[in-house]
Every structure is written in structure tokens, then in C-alpha cells.
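Have a look at the structure below, then the notes.
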Amino acid sequence: LASPEDIAASGAPLVTAAADSPPWLRTALGWVALFSMANTALITLVVTSRTMMAMGEEGQLPRVLGTKSARRQSPWVAALAMGACAAVFLPLGEVAILGSVSSLLVLLVFAAVAAALVALRRRRPDLRGPFRVPLAVKGV
């Protein structure tokens with residue numbers, strides 16, 4: 001087994017930890033990692049395309065992004081747009097770079113939502129939301 005120091009110093013800790021494992025376990029971990037990355041990418045594309053569809057329907061993005069399939073009600077235009085955006089990152093090649101870009105973009109989206117909520121609260125303090133936050137600081 002790899003020591004905690006070896007794992008901590010490694011650039012690929014899971015590979016280092018699994019190096020002394022049986023071959024079947026290393027293979028299983030590889031498959032788990034592959035499906036995990038693919039699932040994360042798929043979820044990101046689905047959620048983002050549906051968000052773009054809703055924003056297109058509301059007029060916050062071009063209305064064409066709000067177009068849904070008549071048969072399945074899926075946001076096919078937004079899904080194609082997200083696929084094109086994702087294809088732009090393919091030349092980067094490195095999974096670590098793609099993961100970093102993805103994490104950064106998710107962080108920026110969460111920060112933008114939080115900033116928008118603060119701005120909305122300051123500009124429209126009379127606007128009532130569907131819930132109240134307990135112990136909220138007035139004016140924030």
C-alpha cells in the first residue's frame with residue numbers, strides 16, 4: 001500500500017493509491033472515473049440547455065433558445081448551442097484543464113446568481129419572494 005505521504009505528494013493520488021491493488025480493481029476504478037466524468041458532462045449540458053431555454057422564453061437570452069421540440073418538449077436549439085460551446089473546449093485536450101474550466105464556470109454562475117439576488121433585494125425591497133430566510137439581516 002502507498003503511504004499517506006506518497007499519496008499526498010502525488011499528482012494523481014487515486015492512481016498512486018491504486019497502484020498496488022489487484023488489476024481488476026484498477027480496471028473498475030478506471031471505468032468508474034470514465035462514467036463519472038461522462039455523467040458530469042451530460043448533466044451539465046442538460047441543465048445548462050434547460051436554463052438557456054427558460055431564459056430564452058423569458059427574453060433574457062435570444063428567444064430562439066427557448067424553442068422546444070413539438071414532440072418531446074426538449075430544448076433542442078439550446079442543446080445544440082451548448083454542444084457547440086462544449087466543442088470549443090475540445091482542443092484543450094487535457095481533462096484537468098476541462099475540469100478546471102468547468103469548475104470555474106460553475107463558480108461564476110453561482111456568484112452571478114448571488115449578486116443578482118442582492119441587487120434585486122436592494123432595487124426592489126418591496127418584492128416578496130416565495131419564502132423568507134430566517135434570521136436574515138435587514139438591508140442585505
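The values are calculated or read from the model by the stated rules, or taken from the named source; none is laboratory data. The model shown is predicted, which means the values in this text are computed figures rather than measured ones. As a convention, Cβ positions derive from the backbone with ideal geometry for all residues, glycine included, and neighbour counts pool all protein chains shown. For accessibility, only protein heavy atoms count, side chains too; no ligands or nucleic acids. Shrake-Rupley method; radii C 1.70, N 1.55, O 1.52, S 1.80 Å.
Taking into account only those residues within region 105-128 that are outside any helix (DSSP H, G or I) and out of contact with any helix residue (DSSP H, G or I) (no Cβ under 9 Å at 6 or more places or on another chain), which is least open to solvent (accessible area, probe 1.4 Å)?
PRO125
Could you figure out which of (1) closer than 30 Å to VAL113 by Cβ; (2) touching a helix residue (DSSP H, G or I) at 6+ places or on another chain (Cβ under 9 Å); (3) open to solvent by less than 70 Å² (accessible area, probe 1.4 Å) isn't true of ALA2?
Result: ALA2 passes all but (1).
Within region 86-104, how many residues turn out to be within 16 Å of the chain's Cα centre (by Cα), part of a helix (DSSP H, G or I) and surrounded by 12 or more Cβ atoms within 10 Å (Cβ to Cβ)?
The qualifying residues number 6.
How do the pairs read when you match residues in region 24-39 that are farther than 16 Å from SER102 by Cβ with residues anywhere that are part of a helix (DSSP H, G or I) and open to solvent by less than 90 Å² (accessible area, probe 1.4 Å), using Cβ under 8 Å and keeping only pairs 6 or more apart or on different chains?
LEU25/ALA18; ARG26/ALA18; LEU29/ALA18
Name every residue in region 70-85 that is open to solvent by less than 40 Å² (accessible area, probe 1.4 Å) and at pLDDT below 90, in order of residue number.
Once the filter is applied, which keeps residues that are open to solvent by less than 40 Å² (accessible area, probe 1.4 Å) and at pLDDT below 90, region 70-85 yields MET82, GLY83.
Please find, among THR44, THR67, the residue that is over 30 Å from ALA12 (Cβ atoms) and either at pLDDT below 85 or among the polar types (S, T, N, Q) (or both).
Sole residue among the options that is over 30 Å from ALA12 (Cβ atoms) and either at pLDDT below 85 or among the polar types (S, T, N, Q) (or both): THR67.
Filter region 9-57 down to the residues that are among the hydroxyl-bearing types (Ser, Thr, Tyr), part of a helix (DSSP H, G or I) and over 30 Å from SER69 (Cα atoms) and list them by number.
THR16, THR27
What do you reckon, is ALA38 touching a helix residue (DSSP H, G or I) at 6+ places or on another chain (Cβ under 6 Å), open to solvent by less than 70 Å² (accessible area, probe 1.4 Å) and at pLDDT below 85?
Answer is no for this residue.
Considering only region 8-29, I want to know if a residue exists there that is β-branched (Val, Ile, Thr) and open to solvent by 90 Å² or more (accessible area, probe 1.4 Å).
yes
Looking at (1) loosely packed, with under 10 Cβ neighbours inside 10 Å; (2) under 22 Å from the mean Cα position of the chain (by Cα), which one does MET53 not meet, given that it meets all the others?
(1)
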